[in-house]
Amino acid sequence: MLQKLDGKQRGFTFKFFREHEATGVCNNNDRKGEDDPKSKDNDIGGNTAFGYMMADPDYTFGCCGVIEKWQAMFDNVEPDTRTLVFQVWRPITGSTYRLVGQNSVTVSADAEVTFPITTGKRITVKDQDRIGWWTDGADIITHKDGGNGEADQNNYMALATKIVGDEVDWSGATVTNDRSYGIRADLNPNNDPSFTNLPGSTSITNAAAAATSLVTITVTDTDSYDVDTLDVTMTTNARYAFDTTTKILTTASSLTDVGSTVDRLVFQVVDQCDNTASATFTVTITNDPPVIQNLPASESLSEDVTAETLIFTVTATDSANDVTCSLAAGVPTTLPFLVKQIPSSTDYGIYSKSNPGFDYEATNSYTFNIDCSDGYSSDSEDFTVYLLKNAAPVFVNLQNSTSISTTDPVGTTAFTVLVTDAEGDDLTFTMSCSPSCGPFEIFNSGQIQINTDLTGHTTVGYDLEITVSDSKNTVGPRLLTITLADINDPVILTNLPSTVTITENVAVGTSVFDVSYSDSDASQTRTFAITSSSPTSGTGYFTIDRDTGRITTSALIDYETIAATSFDLSVTVADPVTSDAAALTVIIANENEAPSFGQASYSLSADEGNAGTVIGTPSFGLTDPDNGDSKTLLLDCGAQTGYFYMHPTTWEIKFQSNYDLDANALPTTVPCTVTVTDNGGLTDTATLTITINDVNDNVPIFSPLSYTYYISYYASAGTSVGTVTATDNDAGAYGVITYTLDQSSLSEEYFAIDSSGMITTKIQPSSGSLGYGTSVTITAMASDVGGNEDTATVVIIVSGT
């Protein structure tokens, strides 16, 4: 029986489904639906333009495959023909389903009819897909009510024409139970997908840019419903990128770092039933070799080149890679050429090496191979260098002679040698002199200059032999004679070098040495000078009279502070033309100097104490100009000297005997004299005042320690009771004793005590609580100002008389 059910009454509840992947592949002749559709011909529905979707597990697919044929039991068709659409619905979410396939057929008989489906129109089904159908008119598929009592939960509702991919919410459908429909789907495994353009191949150069398109992968599937679901992937290769959406294969990056190689890229295609196929696409990458554009070639080079020189710029090109050029393998490393990148350029140049050692006579040409490589392949060509022979320089003005004066200063040009050179090479002049050590120097400009003061020279003339060289040739020697005019007799020191000794602390102006000389030119004036000293400080301690040559001290010399104890003075004497120089060594002798205290008086303070007690160590600040002198100190304190001891090296002072201000009547201030003596017996003195501080080091003592006194019961206030006596061995303020009474055991204070220790009545005993025959005990205390204390017991007996 058909009934319209609300949401609570419906036996079938739509549940959430995800789009399942296949749980298994269908076998040949698998079926879903009624095995015998004609057995379900009891009844026919009365609906028009309705769609049906079966929820019964018998009508729900459980594998992945294709429908090869449909079979159904029809009624209410004849004598007309009707159109029926077999459908497959797939759960999406909740009560929503997607139409994933449909086959439209023409029905012309009221009978069980089988509809084979051609391969290209077979619907692919997956696990949990549902059988359904739709007619544009009245129902024509029969059903049978009742049966095994199973809850079929089959759904139907009015439905317009749908296309594959439409999604429909079936929550408003009528749900029927206990009704079986005469419909069946026969299944087969679906077919494997395939590549339509693989295997395939292509070839590119490594100049190809990143993202260069190589191929669009195309796939197909005999099962038409699988075509749009095919998923194509590529095994990862870092040089390539594959877009799984567009299925376009491109280069992932630049290939300039790749040489000639072959990459085989493996692709896989998967259909919705997980059927797969694989194929290979081959990419051949070729490397375009570099090409040297301007070799072979040749250049000429002078044999006298010494600096590194660019001879030729190599032009090499490559479609993709940078090119590096070098001397080819096998070219000897001793070849005087090199190939390197030209600074601030991408080109490479052929250079001659620095100081290549070219020799036209030995080798006049070089041919060698240049190699340019992109890292994968290379191009090689020859290059030839022809050497140009160097021409020898030519003297223009030698042999020759000239004359100079002894008054010409150092640096004067005596002569200029003229030479020509065809190549303009740098020229080098050398010269020898006869007699040897001539006062001349030749420069590479050809100038011959005076390099020594000639005023003292006695040689009349010199013969100079001059040679000139360029980088390859040497010419000469050629002769130049130079004569000297107006020769002067030289002045000569006669008593130097010499050595003298003086003691430190001599008076400024003390004579040290008299320099003497000889000169046959008596009419000339001579001048003396100290030109230098070693060490240089000597010029500050000594001076020379420029006219007489007497050397005297110019500053006070302290042996202990000077930088050195020996000075080498360079002494010169000069006439108007010549001069002479020699050394005088002055040695400084040390003398003993007295030590001294840092100040005239010092003070030290300490408490009185026993022998061995340290008083202190004065900071004398002793100095002695004589480094290394030992110093002995003596302490003299007059009559009190025996009470003190000073350590000989540390200068620590301590009591040598007990120093007690209370017992011995010693002074509190002791004046002392301290004497320091050095190794040579020189002395210095200073005063040291030692102040001894009195210390509260004695305690008051009662003698005796107990007293007994009698007083009358009727004694008036102020009556003398008796006297207690204590002594303190401290002198001065620390020896003053103060007496007090402790009457805390009495009901009130009956007694008083004064500074002499006398005890008196403070009130009349009869006015208090002291009765006849009463005996009281109180404590007397004796204290000094430092808090030291002693006590005595006082017993006072009150009598009737």
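The values are calculated or read from the model by the stated rules, or taken from the named source; none is laboratory data. Values in this document were obtained by computation on a predicted structure and should not be read as measured data. In this analysis, Cβ positions are derived from the backbone assuming ideal geometry, glycine residues included, and neighbour counts consider all displayed protein chains. Protein only, heavy atoms only, side chains kept; ligands, DNA and RNA dropped before computing areas. Shrake-Rupley method; radii C 1.70, N 1.55, O 1.52, S 1.80 Å.
Quick look at the numbers
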{"item": "Options 245, 324, 333, 251; residue that is farther than 30 Å from residue 470 by Cα, loosely packed, with under 15 Cβ neighbours inside 10 Å and either at pLDDT below 95 or of a type in the set (Ser, Thr, Tyr) (or both)", "result": "245"}
{"item": "Exclusive hit being of a type outside the set (Ser, Thr, Tyr), in contact with a strand residue (DSSP E or B) (Cβ under 8 Å, 6 or more places away or on another chain) and under 30 Å from residue 520 (Cβ atoms), set 600, 574, 611, 589", "result": "574"}
{"item": "Residue 225, sole failed condition from (1) without any contact (Cβ under 8 Å) to a residue 60 or more places away in the chain; (2) outside any strand (DSSP E or B); (3) of a type in the set (Phe, Trp, Tyr)", "result": "(1)"}
{"item": "Yes/no for residue 536 being outside any strand (DSSP E or B), out of contact with any Gly (no Cβ under 9 Å at 6 or more places or on another chain) and at pLDDT 90 or above", "result": "yes"}
{"item": "Any hit, the range 752-765, residues being loosely packed, with under 14 Cβ neighbours inside 10 Å, under 17 Å from residue 794 (Cβ atoms), touching a strand residue (DSSP E or B) at 6+ places or on another chain (Cβ under 9 Å) and without any contact (Cβ under 8 Å) to a residue 24 or more places away in the chain", "result": "yes"}
{"item": "Single unsatisfied condition, residue 664 versus (1) open to solvent by 70 Å² or more (accessible area, probe 1.4 Å); (2) in contact (Cβ under 8 Å) with a residue 60 or more places away in the chain", "result": "(2)"}
{"item": "Selection from the range 609-642 of residues that are closer than 16 Å to residue 685 by Cβ, of a type outside the set (Asp, Glu), open to solvent by 30 Å² or more (accessible area, probe 1.4 Å) and in a strand (DSSP E or B)", "result": "623, 632, 634"}
{"item": "Residue within the range 539-555 that is over 21 Å from residue 494 (Cβ atoms), modelled with pLDDT of 90 or more and either in a loop (DSSP other than H, G, I, E, B) or in contact with a Lys or Arg (Cβ under 6 Å, 6 or more places away or on another chain) (or both) present", "result": "yes"}
{"item": "Test: residue in the range 378-385 that is part of a strand (DSSP E or B), hydroxyl-bearing (Ser, Thr, Tyr) and under 18 Å from residue 302 (Cβ atoms)", "result": "yes"}
{"item": "Condition check for residue 606: in contact with a Ser or Thr (Cβ under 7 Å, 6 or more places away or on another chain), assigned to a strand (DSSP E or B) and of a type in the set (Gly, Ala, Ser)", "result": "no"}
{"item": "Wholly within the range 284-333, strands (runs of 3 or more DSSP E) carrying at least 2 residues that are among the β-branched types (Val, Ile, Thr) and either out of contact with any helix residue (DSSP H, G or I) (no Cβ under 7 Å at 6 or more places or on another chain) or in contact (Cβ under 8 Å) with a residue 60 or more places away in the chain (or both)", "result": "309-314"}
{"item": "Tabulated pairs, the range 517-528, first more than 15 Å from residue 494 (Cβ to Cβ), second part of a strand (DSSP E or B), C-beta under 8 angstrom, 6+ apart or interchain", "result": "527/573; 527/574"}
{"item": "Residue 648 vs. criteria open to solvent by 60 Å² or more (accessible area, probe 1.4 Å), closer than 30 Å to residue 453 by Cα and either without any contact (Cβ under 8 Å) to a residue 12 or more places away in the chain or not polar (S, T, N, Q) (or both)", "result": "no"}
{"item": "Looking only at the range 220-233, and only at residues there that are surrounded by 17 or more Cβ atoms within 10 Å (Cβ to Cβ) and over 58 Å from the mean Cα position of the chain (by Cα), the one that is farthest from residue 101 (Cα to Cα)", "result": "221"}
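Listed here are the residues, each with its yes/no results for (1) open to solvent by less than 40 Å² (accessible area, probe 1.4 Å); (2) closer than 17 Å to residue 283 by Cα; (3) free of Cβ contacts under 8 Å to residues at least 40 places away in the same chain.
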{"site": "171", "(1), (2), (3)": "no, no, no"}
{"site": "189", "(1), (2), (3)": "no, no, no"}
{"site": "206", "(1), (2), (3)": "yes, yes, no"}
{"site": "210", "(1), (2), (3)": "no, yes, no"}
{"site": "216", "(1), (2), (3)": "no, yes, yes"}
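For (1) within 30 Å of residue 660 (Cα to Cα); (2) part of a strand (DSSP E or B); (3) touching a residue at least 24 places away in the same chain (Cβ under 8 Å), each residue gets a yes or a no:
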residue	(1), (2), (3)
740	yes, yes, yes
746	no, no, yes
749	no, no, no
771	no, no, yes
785	yes, no, yes
795	no, yes, yes
